[in-house]
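As C-alpha cells, the structure follows; a few thoughts come after it.
The values are calculated or read from the model by the stated rules, or taken from the named source; none is laboratory data. A quick note: this is a predicted structure, and the numbers were derived from the prediction, not measured. The accessibility values were calculated without ligands, DNA or RNA, using every heavy atom of the protein model including side chains. Shrake-Rupley method; radii C 1.70, N 1.55, O 1.52, S 1.80 Å.
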Amino acid sequence: MAAIFAFPTTIVFASGSVGELRGRLAALGATRPLVVTDPGFCATRAFDAARAVLPDGCVIFSDVQGNPTEANAEAAATAFREQRCDGIVGLGGGSALDVAKIIRLRAKLPHWSFRDAIPVDEVIDELAPFIAIPTTAGTGSEVGRSSVLTIDGHKRVIFHPSLLADAVLLDPVLTVELPPKLTAATGADALTHCIESFASPVFHPLCDGIALEGVRLIARALPRAVEEPGDLDARGTMLVAATMGGIAFQKDLGAAHSLAHPLSALCGLHHGLANALVLPAVMRFNARRKPELYYRVGLAMGKLDTVAGVTGLLREIGIVPGLRAAGVRDDQLEALADQAFADACHLTNPVPVTRDDLLQLYREAM
C-alpha cells in the first residue's frame, strides 16, 4: 500500500485575524488585489472592517450568485485582467471563494475554458497570490483544491492542486452577522463533509481523524452558533470544523453530494441545505448494508444511534426535513437522478449505488 498525504496550507485562526490581510498581501507581492465577495456580505459591518485593512488600490468584485455560474467566473476574470490586478482575495462564503480561486487559472491560461479539464499532473507555476477569508462556516473551500461552477444547468467540479490558497485567515468576528438559517445550512454542509469523507473507503487515516474531530466539534458548537449568533467561541469552533471538513474531503465524498449537486443546479437549493435534506436517507441506505459504518461517528457525537443523532441535530438547528417542503417537485426526480448518477462523488460512496438507487433516495428524502 502506498499513499501521499499533504496538508500544506497556512491557516491563521484568531478573532481579528483579518487585520493581518494587508501585511500578508504585501509579503506575497500583491498591492492591487481583486477582492471577490458577494452582495450579501458587502452589506455587513464585517465587510466594512475587512475593507478597512485592504490596500488602497484594491478592486471589489461582488457579482457572485449563491450557486456560482460560469458567467460569474468569466466576469471576475475580466475584472482581474482589465483592472490590472496582481493578487486575489476571496472574502465570503464558498461561492465567492470558488470564483476567487478559479480565476487564477484563467489569468495564467487566458485561452483555457472553464469547461475543459486540466490534467492534475500538469505543473502550473506562478499563479497570482491568493488569500482566502471565509465568512461562513460550511464549505471548507478555503482549503480546497477545486471550484464548483454551474455550467449549462450542471454542477461542474474543476480540480487542480495549484488552486490551494497561499494563506487562509479564519476570523470568527466576520461570521457573527450570518443569519440563523444560513448558519444552520452552512454548518450542515460542514457536517456532511466530515461524515461522508470518514465513510468513504479511500485510504486516508489522517483525514479520518480530522473528520471525526470535525464531527465532534460541530455537534457541540453548531446549535450554539445558531441560537446565539454573537457567541464567538461557537463561531470560531465552527470555522475550524468547517476547515477540517474541507481538508478531510480531499479523501473524497459520497452519494449525499451526488444527490445535492443537482438539487442546487436544477432546483436552486442552497448546497448545505441540499446536503442536510438527503444525508439521513443516504446514511440509512449505507448503514443497512454496512451496520458498523457510522459507529465511530456516533461516538464522536455522543450518540448510540448515529443516524438518529444526525437527524436530531438537523432538527435542533431548525432544518425541516423533506425535499418537498423545500420546493422540489416529484416531476423533477427523474432529471435529478440522471444528474446525480453522472456526478462522480457517489463513486466513493461506501456502498455502490445505481441510478435507480439514487432515484429511490430522492423519493425517500421527499
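At a probe radius of 1.4 Å, what is the per-residue accessible area of ASP330, in Å² to the nearest 10?
Number for this one is 90 Å².
Considering the alpha-carbon set of segment 4-51 alone, what are its Rg and its Dmax in angstrom?
So, for segment 4-51, Rg and Dmax equal 13.6, 42 Å respectively.
Just need the relative contact order of segment 123-237 here, percent rounded to a whole number, with Cα pairs under 8 Å and 6+ apart.
27
Using Cα springs under 10 Å in a Gaussian network model of the chain, which residue among PHE285, PHE41, PHE203 shows the largest mean-square fluctuation?
Taking springs between Cα atoms under 10 Å, the residue moving most is PHE203.
Dividing the alpha-carbon radius of gyration of segment 140-246 by 2.2 N^0.38 Å (N being the number of residues), what value is obtained?
Relative to the 2.2 N^0.38 Å estimate, segment 140-246 comes out at 1.12.
Counting only protein heavy atoms and using a 1.4 Å probe, what share of the accessible area of the chain belongs to carbon plus sulfur, as a whole percent?
Roughly 55 percent, rounded to a whole number.
Given springs between every Cα pair under 10 Å in a Gaussian network model of the chain, which of ASP233, ASP208, ASP171 has the largest fluctuation?
Greatest mean-square fluctuation among the candidates belongs to ASP233.
Rolling a 1.4 angstrom probe over the protein heavy atoms, how many square angstrom per residue are accessible across the chain?
Solvent-accessible surface per residue comes out at 40 Å².
In angstroms, what radius of gyration and Dmax does segment 247-288 have, counting Cα atoms only?
10.8, 31
Quick one: which residues, 5 or more positions from ILE60 or on another chain, have an amide H under 5 Å from its amide H? H modelled 1.01 Å from N in the peptide plane, none for Pro or chain starts.
VAL35
Which entries of LYS155/LYS303; LYS108/LYS181; LYS251/LYS290 have Cα-Cα distances beyond 29 Å here?
From the list (LYS155/LYS303; LYS108/LYS181; LYS251/LYS290), the Cα-Cα distance tops 29 Å for LYS155/LYS303; LYS108/LYS181.
Could you order VAL120, VAL240, VAL64 by accessible surface area, starting with the largest, using a probe radius of 1.4 Å?
Ranked list, largest accessible area first: VAL120, VAL240, VAL64.
Among ALA46, ALA342, ALA27, which one moves the most in a GNM of the chain with springs linking Cα atoms closer than 10 Å?
ALA27
Taking the convex hull of the alpha carbon atoms in segment 60-157, what volume per residue do you get, in Å³?
It is 100 Å³ per residue.
Assign one of three labels to segment 175-296, namely rounded, prolate or oblate, based on the Cα gyration tensor with a ≥ b ≥ c the square roots of its eigenvalues; rounded applies when a/c is under 1.5, prolate when it is not and a/b is larger than b/c, and oblate otherwise.
Taking the square roots of the gyration eigenvalues as a ≥ b ≥ c, segment 175-296 is oblate.
On a 0 to 90° scale, report how tilted helix 94-108 is relative to the longest principal axis of the chain, with both axes built from alpha carbons and the result rounded to the nearest 10.
Approximately 50 degrees, to the nearest ten.
Just the number, please: Stokes-Einstein D of segment 225-306 in µm²/s, Kirkwood Rh from C-alpha pairs, 10 °C, 1.306 mPa s.
Using the Kirkwood radius from Cα pairs, D works out to 108 µm²/s.
Kindly provide the Kirkwood hydrodynamic radius of the chain in Å, to one decimal, from all pairs of distinct alpha carbon atoms.
Evaluated over the chain, this radius sits at 20.4 Å.
Could you compute Rg(Cα) / (2.2 N^0.38 Å) for segment 269-366, with N its residue count?
1.09
Would you mind calculating the gained length between VAL12 and GLU126 on full extension (0.36 nm times residue separation, minus the Cα-Cα distance), in nm to one decimal?
Roughly 38.8 nm would be gained on extension.
Could you work out the relative contact order of the chain, using alpha carbon pairs under 8 angstrom and six or more residues apart, expressed as a whole percent?
Contact order relative to length: 16 percent.
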